[in-house]
Amino acid sequence: MREVQGQVVVIGAGIAGLAAAHRLLEHGARVSVLEASGRVGGKLLPGEVAGARVDLGAESMLARRPEAVALARAVGLADRLGPPATATASLWTRGALRPFPKGHVMGVPGTASALAGVVSEEGLARIERDAELPRTEVGDDVAVGEFVAERLGREVVDRLLEPMLGGVYAGDAYRISMRSAVPQLFQVARTHTSLTAGVRELQAKAAAAQQTGPVFMGIRGGIGTLPLAVADSVRARGGEILTRTPVTELRRTPEGGWQVRSGEREWLADAVVLAAPAPAAARLLRAENPGAAAELDGVEYASMALVTLAYRRSGTALPDGSGFLVPPVDGRTIKASTFSSQKWGWIADENPDLVVLRTSVGRYGETEILQRDDAELVDVSRQDLKAATGLGATPVATRVTRWDDGLPQYPVGHHARVARVREHIARLPGLAVCGAPYDGVGIPACIASAYAAVDRIRGDLRGVQELTAHPVQSLHGGAGE
């Protein structure tokens, strides 16, 4: 058995694990990152179709949270950052592509008029009744779909909220926690009798703050290049990153450190950052912390697939805008489509003879569609695209990317589960968890989670071994996004 000495072991090389390693190295730690798969990046995956560079996973990051953009700049990507060429999206509902309503928070409107053409006359009248209804108590948490349906009617949930949340969580709005997934609405629900009045207040505050700049940001070459750049920076600073190295055992040592084992290899560490999906984290914690493991065993995941298609530009016409969302209530197979060549100027610049777009299929509870083979997923995507946009051309290339159990679900009570996990973890000095199962599935939220984990590790080790002579300023920005 070969023993590898290391101060901090990071388990998992998704963006959270890589961000944790990068932050630890900034403060003088010796770091080994162990990744079970054959690559780094997790759900951020660069690829190509018909020779065009594209993202095969997440394609943008929230720019009004600082963590992701700041990390991209720190690893040398500043000159490749850029906003979408267009942020105008549509909603494919009631048999037509309709402009996505403005003046909403995650699909929840401030006025009924914002949803004209999307919601029926009866539905609009139901929204107007919100101001007349007594307060709806939300307690410690509530399903966002359940609450909004009670205040504004099911049409708002089914036509607006479901496609918005489906795009982020691949989940079911009637199960998703409002406190964890849409915390600004949860605060409104706790402090306002009228939901629409609370949304208008949120909008007024945003306007008064004069928020400028893009909401989202991309990277020339794809968001999937971010983890590659972070990994390069980690290695340049002396960090070790090993792929195809699944951790098989995590044990506390008699001296108070950690023993990390992968097959016949062993690392002795003062601390461990566990940045793995919930099932893997539960498996590794079962021996030393069965309470945390039991909680993580309860985290459910949704699967989905992305279908990327490339067409010859000649003879291919798409509607204006960045793409469209699809309410499940309309009975379509795809849940969204992104017109990648129109949304991202760099794709159009690099591939003037191609039109690239993608669709997404699958959400929580939908299993049948994802059991179909790749060719069938391409066929149903093409059928829906033709019905929505009139696009009947034959693609020159297609690519299906499956994300099995790719997105953790945040049902009612998720925040309490996360609190219990961290309460259990706090009993084991030198151990921290981070990533999508905890405080948000978006890229900035995962990075913030990683920075919070590093802060915890540094606090635990301060009396054992100084990581740096200077204090750390945490970039942890809070839960969710």
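The values are calculated or read from the model by the stated rules, or taken from the named source; none is laboratory data. Quantities reported herein were computed from a predicted structural model and do not represent experimental measurements. Counting neighbours? That spans all protein chains shown, and the Cβs are built from the backbone with ideal geometry, glycine included.
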Condition (residue is polar (S, T, N, Q) and at pLDDT below 95) applied to region 349-367: is it met by at least one residue? yes
Taking V138 as the residue in question, decide whether it is touching a helix residue (DSSP H, G or I) at 6+ places or on another chain (Cβ under 8 Å), farther than 25 Å from A58 by Cβ and free of Cβ contacts under 8 Å to residues at least 60 places away in the same chain. yes
Quick one: how many residues across region 295-353 are in a loop (DSSP other than H, G, I, E, B) and in contact with a strand residue (DSSP E or B) (Cβ under 8 Å, 6 or more places away or on another chain)? 16
Taking region 366-398, which residues are outside any helix (DSSP H, G or I), of a type outside the set (S, T, Y) and within 15 Å of A305 (Cβ to Cβ)? E366, E368, R372, D373
Can you name the residue in region 16-32 that is in a loop (DSSP other than H, G, I, E, B) and touching a Lys or Arg at 6+ places or on another chain (Cβ under 9 Å) and is also surrounded by the most Cβ atoms within 10 Å (Cβ to Cβ) among such residues? A29
Picking from A52, A74, A78, A68, the residue that is without any contact (Cβ under 8 Å) to a residue 12 or more places away in the chain and over 29 Å from H192 (Cβ atoms) would be A78
Every residue in region 8-63 that is closer than 14 Å to I241 by Cα and among the polar types (S, T, N, Q), please. S32, S37
Turns out the strands (runs of 3 or more DSSP E) fully within region 201-256 with at least 1 residues that are assigned by TED's automatic domain parsing to the domain that holds R23, in contact (Cβ under 8 Å) with a residue 12 or more places away in the chain and over 27 Å from the mean Cα position of the chain (by Cα) are 249-252
When you look at G171, is it in a loop (DSSP other than H, G, I, E, B) and crowded, with 22+ Cβ neighbours inside 10 Å, yes or no? yes
Test: V54 is part of a strand (DSSP E or B) and touching a Gly at 6+ places or on another chain (Cβ under 7 Å): yes
With the structure loaded, tell me whether L91 is closer than 26 Å to G198 by Cβ, among the aliphatic types (A, V, I, L, M) and out of contact with any Cys (no Cβ under 9 Å at 6 or more places or on another chain) or whether it fails that test. yes
Of residues in region 391-411 being under 26 Å from G14 (Cα atoms) and of a type in the set (A, V, I, L, M), the one surrounded by the most Cβ atoms within 10 Å (Cβ to Cβ): L407
Sort out which residues of region 257-293 are under 11 Å from L34 (Cβ atoms), part of a strand (DSSP E or B) and touching a helix residue (DSSP H, G or I) at 6+ places or on another chain (Cβ under 7 Å), and write them in order of number. V273, L274
By residue number, the members of region 211-253 that are crowded, with 16+ Cβ neighbours inside 10 Å, closer than 23 Å to G430 by Cβ and basic (K, R) are R252
Tally up the residues in region 348-384 that are touching a residue at least 60 places away in the same chain (Cβ under 8 Å), within 21 Å of L325 (Cα to Cα), hydrophobic (A, V, I, L, M, F, W, C) and surrounded by 22 or more Cβ atoms within 10 Å (Cβ to Cβ), please. 2
